[in-house]
Amino acid sequence: MTLEPALSARLERLLGRSALSCALETPLMANALPAPPDDTAQRLYASLSSMMQFDEIEVRGVLRTILTPTDRESCFLLIYHRTAANIASVSKLNGARHFQAISMLARNLFEMAVDIKLIDKIKDSVPKMIAFVEVEKLRAAKMIVAYKTKYPAIALDVSLYQSYISSQEARIDANRATLWPRVKKIDGWSNRNLRVRSELAGHPYDEIYEVEQPRMSWQVHSGLTGVINLKTESFTHMAGVGIASCIASYEAVLLAMIDEFKIAKADDKIKNKLQVSKLLPWADDEKQARELFREATS
């Protein structure tokens, strides 16, 4: 998110350009700038924690009032809750030794940020999201039953899966044929790989996919690519890159929720408050933090 020019100028005077850029920009742009403090990684963790507090106070409280969501609202809510759960996990991984787990969660969070962006870019996105859940359940049930058929001696009761296939297969297949006609193998609900989804989502998602995701993917997949011949401090840097990516994805999802549920109608400063929650750990002291909050919400 880009701040209003006047507000950005005032915050830059408070924090300094480098600190403001590290806190605000995408992971790629932040890494290209020199981090002012030596404890950048810890400040990133603190930013994440501060954003979680903002979320609890300003966003989640509103979402709890939605008792009978529409299908569209349910898609947004479920992506949001998955995001929040992963962010809670990331917040517990406070240390460079967790660089692999952080990267894995960063990859998942990025995909959810892309998904929520694509809801308004792909035709029939809502019914596709919902139907794909059942398509996957049916596929998994068939795989389990097929394995039991191949190895009948194993101790595996597949009656529940067989019952599901018998009662639901025709309906699910008919819905699948309507939503994804002539598609033999569906590549996710959008039927697009992550590269194509990122391009469709637009900037900065395409840039993050091309520049940041390859480095984090090394930690997700097997092999030695991501760790061989690295200095000890490299692992701290990788953890920091992962946290910065998590923050960017979390912010994207929060902004989507604010827009979708029109939370800004009740508080036109809420997006500035989100930025402040991310910036507060970059303040030098409590006085500067208070001035930062005042500048952003005045």
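The values are calculated or read from the model by the stated rules, or taken from the named source; none is laboratory data. As the structure is a prediction and not an experimental result, all values here were calculated from the model. Using ideal geometry, Cβ is built from the backbone for each residue, glycine included, and neighbour counts are taken over all protein chains shown.
Okay, residues lined up against (1) loosely packed, with under 11 Cβ neighbours inside 10 Å; (2) at negative phi; (3) in a loop (DSSP other than H, G, I, E, B):
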{"position": "176", "(1), (2), (3)": "no, yes, no"}
{"position": "189", "(1), (2), (3)": "no, yes, yes"}
{"position": "195", "(1), (2), (3)": "no, yes, no"}
{"position": "222", "(1), (2), (3)": "yes, yes, yes"}
Pick from 92, 121, 117: which is within 22 Å of residue 280 (Cα to Cα) and either of a type outside the set (A, V, I, L, M, F, W, C) or without any contact (Cβ under 8 Å) to a residue 60 or more places away in the chain (or both)?
92
Show me the helices (runs of 4 or more DSSP H) found entirely inside the range 1-92 where at least 3 residues are modelled with pLDDT under 95 and under 20 Å from the mean Cα position of the chain (by Cα).
17-24, 27-32, 40-54
Based on what the data block shows, is residue 168 in contact with a helix residue (DSSP H, G or I) (Cβ under 8 Å, 6 or more places away or on another chain), without any contact (Cβ under 8 Å) to a residue 24 or more places away in the chain and over 20 Å from residue 108 (Cα atoms)?
no
Restricting to the range 65-102, count the residues that are closer than 22 Å to residue 217 by Cβ and of a type in the set (Lys, Arg).
2
Taking the range 230-246 and keeping only residues that are of a type outside the set (A, V, I, L, M), over 12 Å from residue 97 (Cα atoms) and modelled with pLDDT under 90, one is left with 231
Do the conditions hold for residue 255, that is, is it part of a helix (DSSP H, G or I) and over 11 Å from the mean Cα position of the chain (by Cα)?
yes
If I filter the range 104-116 for residues that are outside any helix (DSSP H, G or I) and touching a Leu at 6+ places or on another chain (Cβ under 8 Å), do I get at least one hit?
no
Report every pair of residues separated by at least 6 positions or lying on different chains whose Cβ atoms are under 8 Å apart, first residue within the range 133-144 and under 21 Å from residue 78 (Cα atoms) and touching a residue at least 12 places away in the same chain (Cβ under 8 Å), second of a type in the set (D, E, K, R) and assigned to a helix (DSSP H, G or I).
135/176; 138/169; 138/173
Of these, 124, 115, which one is acidic (Asp, Glu) and surrounded by 20 or more Cβ atoms within 10 Å (Cβ to Cβ)?
115
What do you reckon, is residue 140 assigned to a helix (DSSP H, G or I) and surrounded by fewer than 18 Cβ atoms within 10 Å (Cβ to Cβ)?
yes
Considering residues that are free of Cβ contacts under 8 Å to residues at least 12 places away in the same chain, assigned to a helix (DSSP H, G or I) and aliphatic (A, V, I, L, M), the number found within the range 178-187 is 0
